[in-house]
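Taken together, the values in this text are just the output of simple stated rules run on the coordinates, not laboratory data. Because the structure is a prediction, the values reported are computed rather than measured. Quick reminder, even Gly has a Cβ in these numbers, built from the backbone with ideal geometry, and neighbours come from all protein chains shown.
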Amino acid sequence: MGDDHPSTMKRYSFPPRADSAAAVRQAIATSGRLDAVRLAEAQLMVTELVSNAIRHARLPVGSQLEMTVDVDPARVRVGLNHPAPGPIDLTAKGIGLLVVERLARRWGTDWDSGVAEVWFEVRAAGTGAALSDLSDEEILERSIEDPRFRDEAVGRFQGMATSLARRFRGKGIPDADLEQVALLGLLNALTRFDSDKGAFEPFAVTTIQGELKRHLRDKAWSVRVPRSLQERSLLVGRTAESLAQALGRAVLPADVAADLGISEEEVVEAIAANSAYRWESIDAPHEESGATLAEAIHEEDDWASRSEEWQGLAEGIRSLPERERRLLYLRFYRDLTQTEIAQEMGMSQMHVSRLLTKALDQLRESVD
């Protein structure tokens, strides 16, 4: 691919006048490496940069604007250079730069020796096809030898990494930290991937989960617990989630023990070890309700009087179709939002809302 489309760079100089924008747009078109949509976007962005420089850069009399068009197999980089006493201040972006921010693959500013540059990148058409038209396998293969395809690979598999991070919620680690750890695992998987040894996704899942588990071992345990017990605790938790969905009822230690092939005592020990995760003060207010944990704890609670209610609810859940049971599991057990559920189940948020309402109405009728 590199031989068919070698990297090239062209430079163009023009006076800082409004009528120069037409010549700039024509120069972008001569790169020959952008499809119609991306060419139109690139021409719009460079027009905005020229207008922005003429209006706000306070250029010295007689100065010239210089545009560079750098083309390589993965992208087209366009930079607009002009004299400036210091770095460009982006604290208050105008409409022009907001357009660039929304359309560009990447963009930024540089300053060196009295010359400022605003630049942006647009994905090139590659060997007759845009990067978005290449298969995951082609992107992965090229990213191994050419880091310029790495961003595309990360973008395609980032959703998978985020989904894996959600499985480790509720362990005392902020969601944003979990997602960053998962992304680090994805980058490690891309770096180490060997297509001769198998498919990428199973390898990436194993690598990402490994990073998340290590992070939890290092950061989430407030009392020292043996590593083997930490791992068993996480395994018991995931197994209990899976069984709850499959069985449609509360999971007993005996269920988990039978599924994992360990004793009930080991399951109970793993559950107890889970309490060694970081805790919060019982006097700390909940971020949504404002109530404290202490206020939610009752000295007396007649659990026996509730047993029939819970039994009726369990029977009602078992009577629901499998799809509705999964919706309830995702919403009330995994605490996902309707938007997150829609993404995971491949349907619209509106459809999720209707199905949840229908399922809850059926449960109310069965319990009543």
Worksheet item: If you stretched the chain out fully between T337 and V154, how much longer would it get, using 0.36 nm times the residue separation minus the C-alpha to C-alpha distance?
Response: 63.4 nm
Discussion item. Tell me the Rg and the Dmax, in Å, that the Cα atoms of the stretch 134-220 produce.
Written reply: 13.2, 40
Discussion item. Order these by the 10 Å Cβ neighbour count, fewest first: E141, E264.
Written reply: E264, E141
Discussion item. Using Cβ counts within 10 Å as a stand-in for footprinting exposure, how do M347, M9, M67 rank, fewest first?
Written reply: M9, M347, M67
Discussion item. I'd like the FRET efficiency for S135 and T357, computed as 1/(1 + (r/R0)^6) with the beta carbon distance as r and R0 of 35 Å, rounded to 0.05.
Written reply: 0.35
Item to complete: For A116, list long-range residues whose amide hydrogen, built 1.01 Å from N in the peptide plane, is under 5 Å from its own amide hydrogen.
Response: H82, A84
Worksheet, complete the sentence: Contour minus Cα-Cα span, D175 to S242, at 0.36 nm per residue, comes to 22.0 nm
Response to the item:
With R₀ set to 35 angstrom, the calculated FRET efficiency between the beta-carbons of R106 and T206, to the nearest 0.05, is 0.70
Worksheet, complete the sentence: Final fewest-first order of E365, E48 on the 10 Å Cβ neighbour count is E365, E48
Practice prompt. Provide the gained length on full extension for the span R167 to A40, in nm with one decimal, where the gain is 0.36 nm per separating residue minus the Cα-Cα distance.
Written response: 41.6 nm
Fill in: Sequence-distant residues sharing a close amide H with L65 (under 5 Å, placed H)
F14
Worksheet item: At a Förster radius of 22 Å, what calculated FRET efficiency corresponds to the Cβ-Cβ distance of R323 and A250, to the nearest 0.05?
Response: 0.60
Response to the item:
Given the candidates L80, T68, A53, the one whose Cα lies deepest towards the positive end of the charge dipole of the stretch 41-83, counting +1 at each Lys or Arg C-beta and -1 at each Asp or Glu C-beta, is A53
Worksheet item: Using the Karplus equation 6.51 cos²θ - 1.76 cosθ + 1.60 (θ = phi - 60°), what ³J(HN,Hα) coupling, rounded to whole Hz, does each residue of the stretch 104-116 give in order, writing x for Gly and Pro?
Response: 6, 5, 9, 7, x, 9, 9, 8, 7, 6, x, 10, 9
